[in-house]
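Chemist: Here it is: the structure, laid out below.
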Amino acid sequence: MTTIAGTSPRIRVEWGSTAESLGTVLRAALDLLDTGGRIRLVGPDEPADVVHSVGKGPADDAEGSAVRRVHTVPLVPLRRGRTAPARWWARHERRRAGARTTWLAHGRVAAGLLVASGAARGDLVHWLPIVAPVECWPTNRVDRAAVRARLGVAPGVALVLECLSPDAPQSVGDWATRVGPRRTDVLALTCTTRAPAEDDLSFTELLAAADLFVAGRRGLTAENPGVAAVAAGVPVVAVTTDSTAELVRSGRNGFVVPPDPAAVADAVRAYLDGQLPYGCARVPSAGTEPVLEELARGLLRAYHCALIHGGRRGPDR
């Protein structure tokens, strides 16, 4: 893809307080574009061709019609038990949508719901890949056997991991107690993506030791630890209200189930009873660079569309 009129568009990014971790990932992708000469990142007081807001509402038009707007939606909150946008969120997004705004949503489902909510026209919405939080990116190789020994996971016992966060949408609920109190072949463990204390295990260490990952959030997030599980080849049980669900091929690399603790427990038992194909096995992670490159390409495509069409383009082909 070439730059507009042979020049690098000037991009100013406005970061909202709700996009701290996502902002780290986006900054890495933006740096790829900036250092490669595809865009030029400018400061808050410098003139810009595109103003990109992340985690906050699209800016007003005080700078004039020459500036194009791009807005990232970091979260699509859902109605309880349904893959439908919360009514209050849909009303809020519709009120602040601008005719000249190009919208970015992470994941195809989130992009579709953004359109279905009436917040944005379909021809103004671009989707980007769902990303793993930076704390979940693989770093050094982990000794799986050593971590399992430290956790006291006996041979023949499946370690099932769920990642919770106080900053993320509510979990689907307590599925672990429903798996079966008499089963001795499973150990359920919860963790967070926060940096561990000195003697604690990190998310990447726990994921390396896990046999199954549960993605049970009640909201579509732009970043999700389930992405790291899928990339690492760990089978995943994902509820339909979790972003990771669109990355899971049910019956192949995991199961997609309704957002109900009993349904999650049934899927965990199905995994324990061998109802996934033998080929569903752990594979080396592809690393972060391909994801950042895909993210950078999507950002550049959105900036170019905003500049060329200014909010008046037809559907993507």
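Chemist: Give the calculated FRET efficiency between ASP174 and ARG95 to the nearest 0.05, with a Förster radius of 35 Å applied to their Cβ-Cβ distance.
Modeler: With R0 = 35 Å, the Cβ-Cβ based efficiency is 0.45.
Chemist: Suppose we keep just the alpha-carbon trace of region 118-236; what are its Rg and Dmax in angstrom?
Modeler: Over region 118-236's Cα set, Rg and Dmax evaluate to 16.2, 53 Å.
Chemist: Using θ = phi - 60° and the Karplus form 6.51 cos²θ - 1.76 cosθ + 1.60, what ³J(HN,Hα) does each residue of region 216-229 get, whole Hz, x for Gly and Pro?
Modeler: 3J(HN,Hα) across region 216-229, in whole Hz: x, 7, 9, x, 8, 9, 5, 10, 7, x, x, 4, 5, 5.
Chemist: Sticking with this structure for a sec: Summarise the accessible area of region 137-197 (1.4 Å probe, protein heavy atoms) by the percent that is carbon and sulfur.
Modeler: The nonpolar share, carbon plus sulfur, comes to 52 percent.
Chemist: Right, another one. Using modelled backbone amide H atoms (1.01 Å from N, in-plane), which distant-in-sequence or interchain residues come within less than 5 Å of ARG79's amide H?
Modeler: HN-HN under 5 Å from ARG79: ALA84, ALA86.
Chemist: Apply 1/(1 + (r/R0)^6) to the Cβ-Cβ distance of ASP45 and ARG194, taking R0 = 35 Å, and write down the FRET efficiency to the nearest 0.05.
Modeler: 0.55
Chemist: Another question, if that's okay. Using each residue's phi in region 179-187, evaluate 6.51 cos²θ - 1.76 cosθ + 1.60 at θ = phi - 60° and report the 3J(HN,Hα) Karplus result to the nearest Hz, with x for Gly and Pro.
Modeler: 5, x, x, 8, 6, 9, 9, 8, 10
Chemist: Amide H neighbours of SER250 under 5 Å, at least 5 residues apart or on other chains, H built in the peptide plane: list them.
Modeler: VAL256
Chemist: For region 97-228, what is the accessible area per residue in Å² when the probe is 1.4 Å?
Modeler: 45 Å²
Chemist: Now for a separate question. Hey, can you grab everything whose amide H is under 5 Å from the amide H of LEU104? Only 5+ residues off in sequence or another chain; H modelled, so Pro and N-termini drop out.
Modeler: HIS71, THR72, VAL73, HIS126
The values are calculated or read from the model by the stated rules, or taken from the named source; none is laboratory data. Here the structure is a predicted model, which means the values were calculated and not measured. Cβ atoms come from the backbone with ideal geometry, glycine included; neighbour counts cover every protein chain shown. Heads up: the accessible areas ignore ligands, DNA and RNA and are worked out on the full protein's heavy atoms, side chains in. Shrake-Rupley method; radii C 1.70, N 1.55, O 1.52, S 1.80 Å.
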